[in-house]
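For reference, the structure is listed below as structure tokens.
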Amino acid sequence: MKNIWSIFRREVSSFFTSPLAYVLIFIFLVVTNALTFLWPGRELIENEQAVLKDFFFYYHPWVLAFYGPMLAMRSLSDEHRQGTIELLSTMPVRTIEVVLGKFFGALTVLAVSLALTIVVVFTVSYLGDPDGGPIWSGYLGSLLVGGTFIAVSIAISALTRSQVISVAVSIPLCLVLCIIGFDPVVNFFNDSGVPIVAEILSSLSVIPPFTDFAKGLIDLRYVFYFVSVIALCLFATNLVLQSKRA
Amino acid sequence: MIEVNHLTKQFGHKAAVDDISFSVEKGEVLGFLGPNGAGKSTTMRVITGFLPPSGGTVHICGISMKDKPEDAKRKIGYLPESAPLYNDMTVLGFLRFCADIRGFSGLAKRQAVDRVIVTCFLDSVIHQSIDTLSKGYRHRTCLAQALLHDPEVLILDEPTDGLDPNQKHEVRKLIRELGKEKTIVFSTHILEEVDAACTRAMIIDQGKLVAEGTPEALRNEGDGSLTELFRKLTTPDVAA
């Protein structure tokens, strides 16, 4: 437990000492705000609705499909590239502790980034009278979706020494997890007479669970879905790290 | 202190380490010689628990690396070949992080870090970012990390590689001093270092142990010259 904490602290402080962190957070904020306020036909202000689920949160999984991999791309690729994995592996630390430390490190940066989007909530609260519940559950959903994408990306980053390859493989994977539950895709399979395909695909996607969260519904089954995907990815990462050395 | 029995490590079909057995006692400094690619680093990586062996066993202070890796690793200080470091940290930050992982906290942590800063002459660079360090300082920072927990066993992979003559001298002196009460294995391909620091030496070639003995004994075997023996017993890179 103490080791996870040490790895976690190093991870977070190394993130915030590099300019990359600030650039990434800045871009994340610009993109989420731009989508919320400027997307043609879905401008929050012009629609005069104090509901975030169809505006701000609507885009979150898609933005996170890019942002999660970017936060996680360095995590293990860099350890391999710099050779520091050799130091860690010869210290009395278990690989799962390294993996968990890195995961929670990236998740914390994500949480900070999400917290900084609170300006949007202030704006809506100033203009109207939004319901607080769906906002908080929406944020929880964003954190879980982002955590899932981070876990997927950490597993990928364990496989390569290159950050570029790590991010270039993770982003499409995360996008696939979004697209297979995206309404047009689901409708396509329903209309094609194979609703079973639509059902299977969307049950694997992050979109249906996230949509519930953004509506204010916290379904324990969906919480379980996110947590189990995260656990599966981190467990796989642990296996990769152990077998890579064999 | 270190017991290696019938150690084998295969990468695919190639045996990087081929049935090596040896033991090193407390107070011994074992020099590990061999041409590039002979299996020195691989042997060290298996001893330190970074790589699992394909066959054979490693015991550190009587603890099996296979059965109780964390306990065995606690006994070892390891300087890997390339002296890997976290480039985005300062020297002090890095040493503190390593001390955390080694289980230090509070006063003990401060004392351990201060001690290795003095031992490895890092005083002038502690607040410097690691990516701005010269090679000598990088090496010493990584060596400092290996000494933090005052380990009983030290495994040093080419500890003098890339150092200038003064630094080499300091590191050899340090190895000799530490060797009095620790068990040390260090690899090198600089033969003079054997005389300068070792109580015993081993030559390995193509994963096999080809000679072992005190520096004098080895020199006698090579008609008065370690270089002669080395050239006689090992396969030149071009032939391999």
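Each reported figure results from applying straightforward, stated rules to the coordinates on display, with no laboratory input. Remember, predicted model here, so these are calculated numbers, not experimental data. Cβ: placed from backbone, ideal geometry, glycine included. Neighbour counts: every protein chain shown.
Cα centroids of the stretch A:1-39 and the stretch A:133-154: 14 Å apart.
Compute the label zone of A:Arg94 within the stretch A:4-25: residues whose backbone N is under 13 Å from the point 7 Å along Cα-to-Cβ. Answer for the stretch A:4-25: A:4. Centroid-to-centroid, using Cα positions, the stretch A:161-218 and the stretch B:170-190 are 58 Å apart. Springs join every pair of Cα atoms under 10 Å in this Gaussian network model of chain A, and among A:Leu173, A:Leu64, A:Leu20 the largest mean-square fluctuation is at A:Leu20.
Using C-alpha pairs under 8 Å with a sequence gap of at least 6, the mean separation divided by the residue count of chain B gives a relative contact order of 28 percent.
For chain B, the longest piece that avoids every one of the GluC sites (Glu not before Pro) found in DSSP loops with at most 14 other C-beta atoms within 10 Å covers B:26-180. Computed over the alpha-carbon pairs of the stretch A:2-244, the distance histogram in 10 Å steps reads 8, 30, 33, 21, 7, 1 percent, short to long. Working from label points 7 Å from Cα in the Cα-to-Cβ sense, the B:His127 to A:Ser228 distance is 5.3 nm. Entry note, chain A: the mean residue ellipticity at 222 nm calculated from DSSP H runs of n ≥ 4, each adding -39500 (n - 2.57), is -25500 deg cm²/dmol after division by the residues and rounding to the nearest 500.
Each distinct pair of alpha carbons in chain B adds a 1/r term; the inverse of their mean, the Kirkwood radius, is 18.4 Å. Gain on full extension, evaluated as 0.36 nm per residue between A:Phe235 and A:Leu173 minus their Cα-Cα distance, stands at 20.5 nm. For chain A, a Gaussian network of Cα nodes joined below 10 Å ranks A:Gly132, A:Gly193, A:Gly147 by mean-square fluctuation, and the top entry is A:Gly193. The residue among B:Ala72, B:Pro52, A:Val223 whose Cα reaches farthest toward the positive pole of the charge dipole of the protein assembly as shown, with charges on the beta-carbon of Lys, Arg, Asp and Glu, is B:Ala72.
Considering only B:Gly213, B:Leu85, B:Tyr137, the residue lying farthest towards the positive end of the dipole of the protein assembly as shown is B:Gly213, judged by Cα position with unit charges set on Cβ.
Here the protein assembly as shown is assigned +1 on the Cβ of each Lys and Arg and -1 on the Cβ of each Asp and Glu. Its dipole about the Cα centre then comes out at about 700 debye. Once the chain from A:Trp39 to A:Tyr22 is taken as fully extended at 0.36 nm per residue, the excess over their C-alpha distance is 3.7 nm.
For B:Ala211, the residues whose modelled amide H falls within less than 5 Å of its own, excluding neighbours fewer than 5 places apart on the same chain, are B:Ile203. Measuring from centroid to centroid over Cα atoms, what is the spacing of the stretch B:1-31 and the stretch B:49-93 in Å? Value for the Cα centre distance between the two parts: 15 Å. Here B:Thr57 and A:Asp183 are evaluated by their C-beta separation; at R0 = 41 Å the FRET efficiency comes out at 0.10. Exposure proxy for A:Tyr22, B:Tyr78: other Cβ atoms within 10 Å of each Cβ, ordered fewest to most, give A:Tyr22, B:Tyr78.
Counting only the Cα atoms, the stretch B:37-160 fills a convex hull of 111 Å³ per residue.
Placing a pseudo-label 7 Å from each Cα along the Cα-to-Cβ vector at A:Asn190 and B:Thr8 gives an inter-label distance of 6.2 nm. Let me make sure I get this right: for the protein assembly as shown, a, b and c are the square roots of the gyration tensor eigenvalues over alpha carbons, sorted descending. Under 1.5 in a/c it's rounded, otherwise prolate if a/b > b/c, else oblate. Which is it? Prolate is the answer for the protein assembly as shown, as a/c is 1.5 or above and a/b outweighs b/c. Can you work out the FRET efficiency for the pair B:Ser225 and A:Ser162, with r the C-beta to C-beta distance and R0 = 56 Å, to the nearest 0.05? For B:Ser225 and A:Ser162, the calculated efficiency is 0.75.
For the stretch A:2-244, the Cβ-based charge dipole about the Cα centre amounts to some 1060 debye (Lys, Arg positive; Asp, Glu negative; other atoms uncharged). Placing unit charges on each Cβ (+1 for Lys and Arg, -1 for Asp and Glu) gives the protein assembly as shown a dipole about its Cα centre, and among A:Leu114, A:Val194, A:Gly101 the Cα reaching farthest toward its positive end belongs to A:Gly101. With a simple spin-label model that places each label point 7 Å from the Cα along the Cα-to-Cβ direction, the separation between B:Ser21 and B:Ser134 comes to 4.7 nm.
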